Amino acid sequence: MPRTPSEIAVHIMLEGGHREEVRFPTIQDFQKWYSNELVPKSGSEDFINVPIKNIQGEYMVLRPSRVLALRVEPIFSGSVDRF
């Protein structure tokens, strides 16, 4: 039986070498943001909002045209850490 991740970490690689990490509660939330916000405006110089799940009252904006790569990582929380 496949495990369900506790959250999804998205690592955003930006032009100029900057890297940011944001977390989404589910893969569906990430896919919704990706397909509704990032992809349609991928060539745009206008800022778009990037949701930050775990920081209340704080947000991030970025220019979609400056995003070079995304890495999506499932995060599994449990009672036992495995390294």
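Please specify each residue of segment 28-63 satisfying the condition of being among the basic types (K, R) and within 18 Å of H11 (Cβ to Cβ). Give the steps one after another, and end with the answer.
Start the filter on segment 28-63 by keeping residues that are among the basic types (K, R), which leaves 32, 41, 53, 63.
Selection gives K53, R63.
Please work out which residue is surrounded by the fewest Cβ atoms within 10 Å (Cβ to Cβ), limiting yourself to segment 25-44 and to residues that are of a type in the set (D, E, K, R) and out of contact with any helix residue (DSSP H, G or I) (no Cβ under 6 Å at 6 or more places or on another chain).
So the first thing to find is which residues in segment 25-44 are of a type in the set (D, E, K, R), and the list is 29, 32, 37, 41.
Adding the requirement that they be out of contact with any helix residue (DSSP H, G or I) (no Cβ under 6 Å at 6 or more places or on another chain) leaves 29, 32, 37.
Values: D29: 15, K32: 12, E37: 15.
This residue is K32.
Within segment 47-74, residues that are without any contact (Cβ under 8 Å) to a residue 12 or more places away in the chain reach partners that are surrounded by 14 or more Cβ atoms within 10 Å (Cβ to Cβ) with beta carbons closer than 8 Å, at six or more positions or on different chains, in the pairs E58/I52; Y59/V50; Y59/P51; Y59/I52.
For the subset of segment 1-22 comprising residues that are β-branched (V, I, T) and surrounded by 15 or more Cβ atoms within 10 Å (Cβ to Cβ), which member is farthest from I75 (Cα to Cα)? Among residues in segment 1-22 that are β-branched (V, I, T) and surrounded by 15 or more Cβ atoms within 10 Å (Cβ to Cβ), the one farthest from I75 (Cα to Cα) is I12. Quick one: in segment 52-83, which of the residues that are in contact with a Lys or Arg (Cβ under 8 Å, 6 or more places away or on another chain) and surrounded by fewer than 12 Cβ atoms within 10 Å (Cβ to Cβ) is modelled with the lowest pLDDT? Filtering first and then ranking leaves N54.
The values are calculated or read from the model by the stated rules, or taken from the named source; none is laboratory data. Nothing here was measured: the structure is a model prediction, and the numbers come from that model. Ideal geometry is used to build each Cβ from the backbone, glycine not excepted, and the neighbour counts take in all protein chains shown.
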